[in-house]
1. Of the residues A131, A82, A142, A115, which is modelled with pLDDT of 95 or more, more than 25 Å from Q407 (Cβ to Cβ) and of a type in the set (A, V, I, L, M, F, W, C)?
2. Would you mind stating whether W485 is among the aromatic types (F, W, Y), surrounded by fewer than 19 Cβ atoms within 10 Å (Cβ to Cβ) and either within 20 Å of R375 (Cα to Cα) or in the same structural domain as K429 (by TED's automatic domain parsing) (or both)?
3. Please go through the stretch 398-435 and pick out each residue that is assigned to a helix (DSSP H, G or I) and closer than 20 Å to I218 by Cβ.
4. So which of L447, L432, L403, L394 is surrounded by 24 or more Cβ atoms within 10 Å (Cβ to Cβ) and within 14 Å of the chain's Cα centre (by Cα)?
5. Examine the stretch 79-89 for a residue that is of a type in the set (A, V, I, L, M), in contact with a Leu (Cβ under 8 Å, 6 or more places away or on another chain), surrounded by 20 or more Cβ atoms within 10 Å (Cβ to Cβ) and touching a residue at least 60 places away in the same chain (Cβ under 8 Å), and state whether such a residue exists.
6. (1) more than 14 Å from the chain's Cα centre (by Cα); (2) closer than 20 Å to L245 by Cα: which one isn't true of N464, the others all being true?
7. May I ask you to list the residues in the stretch 33-70 that are assigned to a helix (DSSP H, G or I) and of a type in the set (D, E, K, R)?
8. Return only the number of the condition from (1) assigned to a loop (DSSP other than H, G, I, E, B); (2) modelled with pLDDT under 90; (3) touching a Gly at 6+ places or on another chain (Cβ under 8 Å) that I290 does not satisfy.
Amino acid sequence: MPLGDFLVAYLRRAGVEHLFGLPGDLVLNLFHRFAAQRGLRIMTFSHEPGVGFAADGYARATGRMGVVVVTYGAGGHNVVNAVAGSFAEEVPLLVISGGPGEQETRLGTLIHHQAKEIESQHRIFQEVSCASCVIRSASGAAEQIHELVSTIRSRRRPGYLEIHRDLVETRIGVPAELVRWDGSIAEPTSDSAKGAEAARETADRINSARRPVVIVGIEVHREGATRDLVALADRLGAPVATTVLSRGAFPMYHPLYLGLYMGNLGPAPIRRRVADADLVLALGALRSDINLGASSRGVAPERMVQAMGGQVHISRHTYTDVRLRPFVRAIRRIPGLRRHREQVEYADNLKRPRAEARTPIAVNDLLLTVNDFLRVRRGYHVVAESGDMLFGGLEVRVPPGGLYFAQGFYASMGYGVPAALGIQIGSGKRPLVLCGDGAFQMTGAELSHASRHGCNPIIIVVNNGGWGIFRPVSPRADLLELPNWPYAEMAEGWGGLGIRVRNRRELRDALERAHREPRFALIEAIVDPDDLSPISSRYIRASALQGRQTSSES
């Protein structure tokens, strides 16, 4: 069958329903082939970064592979940053790029969209992908595609596929095993004997502990282990905290939920509770500066059981080839596991009491108002943009029925709005987005595609007139200024609802109005230029101090 037809049939067999892309001359034949097929929908946007972020959000919301379709060079290079974020945060994406035809490459002359060499784009994507291939001929093409997609899905990271434009109509052979393939892939295996031994040793540590605490990491969500983790927590009766990356991986209204652990930057009650623990059960928690706090030295290894990346570390013992989900399941099934009975109180960094309803709104009160709204209007997904809202969003408490999304590690500004569209396309649930004005000016215009894609997110643009998160550490305020866009009016021009608010009462009313509005809504919240969320100021100053210390030591 023609290569283009095979790719369509293969993606459908793999469970793909949506593709995210932009047309371009070197991918146009393949693009039209996708668009002509029933069962596949191409979601187009205005710029390739938005395409990549939307596919990333779609993959996170659905647990399936996101697919990006772009042209060679000008399109492929534009989407690199979004793919790098997906790689860093372990999000499975298939990036399909067109490429120059065989005759064009033989001429030896430069081809439009070419940056350096014909192979340059492929080499660039090798740095931000777990696997890649360029289809140069009909021979073995089907097998190469299958191997690439299998690697993406098993390793949960992006992969790159380049198809030269003159091969789309070329007939290729399809092996019998692919004809019979049911679309599934083998999950990474776990050594059951090692896992059982690690679970027994962990249970012994739990039973001898007096004040254990559980820290939940993002791998719990990625491995599909949330249900098993909740069952384990219920059996242990010990307090549970989440990290920056794993916000929402444990139910935020669970009676054992402490809140966010962020090293020295988190709420004081949580810092004290973790410091007092004689056992820290860290499940799937990535060690990074943002995830556990820029100034945090972490927990002493002798007090830890850490499961991450297919390994379990118990004090200074290491068990390899043990996956997180079967490990958690094995612990909770061990008989005689001690149950601790601790009264757990949720903690955050927000200040109470709040300001008066009609006084100028501060970020602290904006977040409290959002929490009030979500508590009674359940079912929203929450998306936090990078910048001040990445840290501000950590104070948002999402009730059951909704999930929390953010680029908590790679932290590329401009992620929020297009990712929210991908999230709603994939999940069908309405997102509420917390976004700064700086990030909105990067990719916020993708909101104009919301109606045509059947999306109606609520976007809160926190307008402080510049790159507010850097104001505490920058000596040049003029370098942080932004033009004051008419955000609310722009939303109206794009076919949605636009509202500008200046105090807590107006924000509360705007959220209720947006909730009733079937169209997308943008709420522009005017805040003081020097106001930041509670964590942001501490994080920026801690990072700056760490940077100065590193410079002095070197």
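The values are calculated or read from the model by the stated rules, or taken from the named source; none is laboratory data. Just so you know, these numbers come straight off a predicted model, no measurement behind them. Don't worry about glycine lacking a Cβ; one is built from the backbone with ideal geometry, like all the others, and counts go over all protein chains shown.
1. That would be A142, the only listed residue that is modelled with pLDDT of 95 or more, more than 25 Å from Q407 (Cβ to Cβ) and of a type in the set (A, V, I, L, M, F, W, C).
2. yes
3. G416, A419, A420, G422, I423, G426, S427
4. L394
5. The answer is yes; a qualifying residue exists.
6. Single failed check for N464: (2).
7. R33, E48, D56, R60
8. (1)
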